[in-house]
Amino acid sequence: MGSLVALYNEWQIQLIVLLSFILQVLLFFTGSLRQGSTNGLLRGSIWLAYLGADMVAIYALGYLSRHQDNGTLETHPLVFFWAPFLLIHLGGQDTITAFSIEDNKLWLRHLLNMILEVSLALYVVWKSTSLRNNVELLVPALLLFVSGIIKYVERTMALKYGSQNEDRNPAFILDNQQRILRLVRGDVNHELVYNALVLDGRVRHQYFHRRSARHSIGEILSMDPAKHDDCGLVAKLLDAQLSLLYNDIYTKAPLLRSKSGILVRCISQVSTVVALVIFAVLGQKQSASRLYSRADIFITYILFIGGILLEICAVFTVLMASPWTWLWLEDRRYCRLARISWSLARLLVRRPLWSGKIGQYSYVNYMGIQDESATLSQKVVSLMRKTATAIGVKDVRNKLFWVSKRLDCKYETVDDKLMECVLREIRTIRTDTNNHQQPRQYPHMTPFLQSLQLTIEEEFPFTLCQLHIVTVVLLASTSADDMKSYSADTIEAAQMCRKLSNYMMYLITAHPDSASLLHITSVFNFELTLDMVLRADTTTTSSRKKKDEILRETEDSIKANYPHFPWSMEFREEVIMELAGIWVRLLIYAAGKSRTTELHTAMLARGGELLTFVWLLMAQHSLGDVTYSRIELTPRPDDPAATDFPAVRYVFHRHETGVAEHDVAARHGEVDGRGDVGLDGEVAARVDGVTPELAGDGAAEIVMDVGDATTGAGDDGHLSVS
């Protein structure tokens, strides 16, 4: 054991320097993967590598600074030549300069660290010159210092640019606009990338509210998200725009879009190559083989060649693969280089760059119910619950809720149908300015929505929880045979209800930053909400009960608490269609109320968030609280008129239902009484669970114009998905 410790002490600095280089390689090839992944293990690995890379390099410099005490100068004199390499490592990789948005804000701290570490490295090299033969390495060491300082300055400047405090104009303006338009027009991929670049200034303005960021490098083609009808192309365009924004915030891409940045990078690379050549020439001397061990020489070549190869890879993966490089080369008529750049940059539209997934957390997870598709983490939570119950722990479900929020979550893919519905509903809300259009009729859901009217704005998370549990019960009580008999549109609507319902619960319960994203200011207690929504015997259900038994008890409790909901199987298909519309509009409302753009940018480094896509799409339609057209759930007495500025758009509208009483009777079997809801939201008359009529004395009847999330209303006022 003692011999192993002695061996480690002798070769400690070599192992540390090699570990520093390995971490840099790992960061280079994995740094950008988190943009399109929600995998927690991958994100955790990148986080450890990001933090460990700086710690290891700083520790190595500190170790070398004590060379007079530990005897390294006599035994391994070449190791002091590695100090500039450690500066290069501290300069980081082009694919990741910041792990989180907070790292960018600390750029001044990184600047101070740079000054200290450069001073320490200079001190190490100066001390090493006390050995006469080390003077020969002074020239390549100075060249490496030039490269290391440039890399460190690049990282600090990239952090400053990503801190959202830097207001910059576009890197260039197109000189030959008409030629570029002729080139890209007619090719969908070219048009998409071109429009993403042209609209980049608008996106930066919507995120950071920079005036100069509104400047455009060229003319916008027809693929404006606010005008284009192809939902698939709009989704790809948003993906490309957010990918460009990710590169600006978390990588060194902004530095490589300027002539000065490219020139400085060339100086850095040339310095490293020249230093390698000089070192190789010096290594041919016989004195070098006597002074330096073969292991140290081999490690030095690894640092040289490995660093140069990483720089070459960065040229292709960061510089040449940038859409900005392609457009600049095309504009300057460097056609061959432009073709090479496009072959790399077209990956921007060939595959989605965000994860394309949304988090899912359900009431079913909270109750500890598992199915055949349970993930490994969900099985771990189930085992923890069983163990806690076996040893006599009371109130296991609530005490393990913090574990369930993190391990019971899973992710599902966002399909094109969902994005199409979101786009259509956003445009419907935007164009319904003066409320002159006939609102869509929801004869089945209107009574239930009216029962939520008093809490839907004041206690938005509580309302979401109520509607989520109702959705779970509704879909669980619909048998597989009944679902097969429904139309394909209804089946898609049911899937949409489940995904959006679980996604909204994921945001308000399991997501650490979602409260700010959803503009939630009140304290939301999921467990307390369940106790209020469900009966006591349901929330204290034994874990030994089967899934069907628990869902049956929940169904009985929910039906008793929400008698206005249309539970009848006779109109189940229509109810599912209407419920899908409600969830889409609630998602739009939540996105429109989220003003914290920093959290949206933070989500870009975590695989992306559907809420961010919806928020950006709304902003480009001049809709949402970050624009001059704020969004509200329902009209209020103090709201400005529809034609005033700034304007207000409503997710739900107050209109006459236009549903005849005999029609309602045919659907619900009874027409007795009426429900009038005053403008102040208080119930002014008795509610019968059917459609209210316009009342006198200034009372206005409320119809929740939740829209057809899946397309629009048919001639009979029912929803249909196209």
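A few remarks follow.
- R0 of 30 Å, Cβ-Cβ distance D395-E458: FRET efficiency to nearest 0.05: 0.55
- Spatial extent of the range 81-156: Rg and Dmax, with the Cα atoms as the point set, Å: 13.9, 47
- Neighbour counting of Cβ atoms within 10 Å sorts the residues I46, I249, fewest neighbours leading, into I46, I249.
- Candidates per trypsin sites (Lys or Arg not before Pro) in the range 309-342, loop by DSSP, up to 15 other Cβ within 10 Å: R332, R333
- 3J(HN,Hα) from dihedral phi, the range 190-199, Karplus parametrisation 6.51/-1.76/1.60, rounded to Hz, x for glycine, proline: 4, 4, 5, 5, 4, 5, 4, 6, 5, 7
- Sparsely packed loop sites in the range 455-488 (the GluC sites (Glu not before Pro) outside DSSP H, G, I, E and B with at most 12 other Cβ atoms within 10 Å) comprise E458.
- Reported to the nearest whole Å, the Cα centre-to-centre distance from the range 470-505 to the range 104-120 is 54.
- Look at K394, K127, K285 and count the other Cβ atoms within 10 Å of each Cβ; fewest to most, that gives K394, K285, K127.
- Here the mean projected area of the convex hull built on the C-alpha positions of the range 343-424 is 8.2 nm².
- In loop segments of the range 599-639 as defined by DSSP, the chymotrypsin sites (Phe, Trp or Tyr not before Pro) with at most 16 further C-beta atoms inside 10 Å of their C-beta are Y628.
- Segment L48-A280, length gained on full extension (0.36 nm per residue, minus Cα span): 80.0 nm
- Taking other C-beta atoms within 10 Å as the exposure proxy, E574, E102 rank E102, E574 from fewest upward.
A short reminder: the numbers here are calculations on the coordinates, not readings from a lab. Every value quoted in this text rests on a predicted model; they were computed, and no experiment measured them. In this analysis, Cβ positions are derived from the backbone assuming ideal geometry, glycine residues included, and neighbour counts consider all displayed protein chains.
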